[in-house]
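**Student:** The structure follows.
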Amino acid sequence: MPRPKLSPETPVYNPFIWAITLLPLLSVLLLLTWQPEFRMITTRQGVTTMDPFSMYTPGYFLLMGAGFLSYGLSVLFAFLDRQRLLKSGVVRPFHWAWAFLSAVVYLIGRSVIVNKVAPKRGLWPVWATIAVFVISMVITGIWMSNFMQSMYSQLGYSVST
């Protein structure tokens, strides 16, 4: 059974879909605040090694908590987005429960259905998600480079350039 088309005046975007799209940036911003330390310990056998618990700083736990919070919020926002689409007249919009699998799965499925009922509209969240992914990878790559340099210098290795 085909879905009826939406009128061109019917909005297909709402704050909930944009929140789902931009939530990953929260973790990237919090990543920039995490500055782990690397301490050395000497075991009873006299072996000096890195303390595996030294990197678990409050920033680490904040970063992990933000990941869980982002996951929960994206499921909630998917539910609210679907409700908004139903009120806008979209018949059988993509189900919000797909967000349990991944927010990106919900976002792509939702965009495909919205694009079918509102031709030439509804795909901006997909493009924004691609941009957020690229930005996240660039920032994370730069952070990891600095992280590795810091780790090597704290452990006493010299980095030649």
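The values are calculated or read from the model by the stated rules, or taken from the named source; none is laboratory data. Being a predicted model, the structure only gives us computed values, none of them experimental. Methodologically, a virtual Cβ is constructed for each residue, glycine included, from the backbone with ideal geometry; neighbour enumeration extends over all protein chains shown.
**Student:** So Gly59 ticks every box in (1) assigned to a loop (DSSP other than H, G, I, E, B); (2) at pLDDT below 90; (3) of a type in the set (Gly, Ala, Ser) but one. Which box is left unticked?
**Tutor:** Unmet condition: (1).
**Student:** Now a separate question. Of a type in the set (Val, Ile, Thr), surrounded by 13 or more Cβ atoms within 10 Å (Cβ to Cβ) and out of contact with any helix residue (DSSP H, G or I) (no Cβ under 6 Å at 6 or more places or on another chain): is that true of Val134 in this structure?
**Tutor:** For Val134, the condition - of a type in the set (Val, Ile, Thr), surrounded by 13 or more Cβ atoms within 10 Å (Cβ to Cβ) and out of contact with any helix residue (DSSP H, G or I) (no Cβ under 6 Å at 6 or more places or on another chain) - is not met.
**Student:** To continue, here is another question. Within the range 89-98, does at least one residue satisfy the condition of being surrounded by fewer than 11 Cβ atoms within 10 Å (Cβ to Cβ) and under 16 Å from the mean Cα position of the chain (by Cα)?
**Tutor:** no
**Student:** Of all residues in the range 21-55, count the ones that are closer than 20 Å to Thr140 by Cβ and not in a loop (DSSP other than H, G, I, E, B).
**Tutor:** 10
Conditions tested, residue by residue: (1) farther than 17 Å from Pro24 by Cα; (2) without any contact (Cβ under 8 Å) to a residue 40 or more places away in the chain.
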| residue | (1), (2) |
| --- | --- |
| Leu80 | yes, no |
| Gly89 | yes, no |
| Ala97 | yes, yes |
| Gly109 | yes, yes |
| Gly122 | yes, no |
| Val126 | no, yes |
| Phe133 | no, no |
| Met148 | yes, yes |
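**Student:** With the requirement that a residue be part of a helix (DSSP H, G or I) and within 14 Å of Val12 (Cα to Cα), what does the range 110-131 give you?
**Tutor:** Arg110, Ser111, Val112, Ile113, Val114, Asn115, Lys116, Val117, Trp124, Pro125, Val126
**Student:** A further question on this structure: Could you look through the range 10-55, keep only residues that are small (Gly, Ala, Ser) and surrounded by 12 or more Cβ atoms within 10 Å (Cβ to Cβ), and pick out the one that is modelled with the highest pLDDT?
**Tutor:** Ala19
**Student:** What single numbered condition from (1) modelled with pLDDT of 95 or more; (2) part of a helix (DSSP H, G or I) fails to hold for Met64?
**Tutor:** (1)
**Student:** Tell me which residues, restricted to the range 63-106, are touching a His at 6+ places or on another chain (Cβ under 9 Å) and among the aromatic types (Phe, Trp, Tyr).
**Tutor:** Matches in the range 63-106: Tyr106 only.
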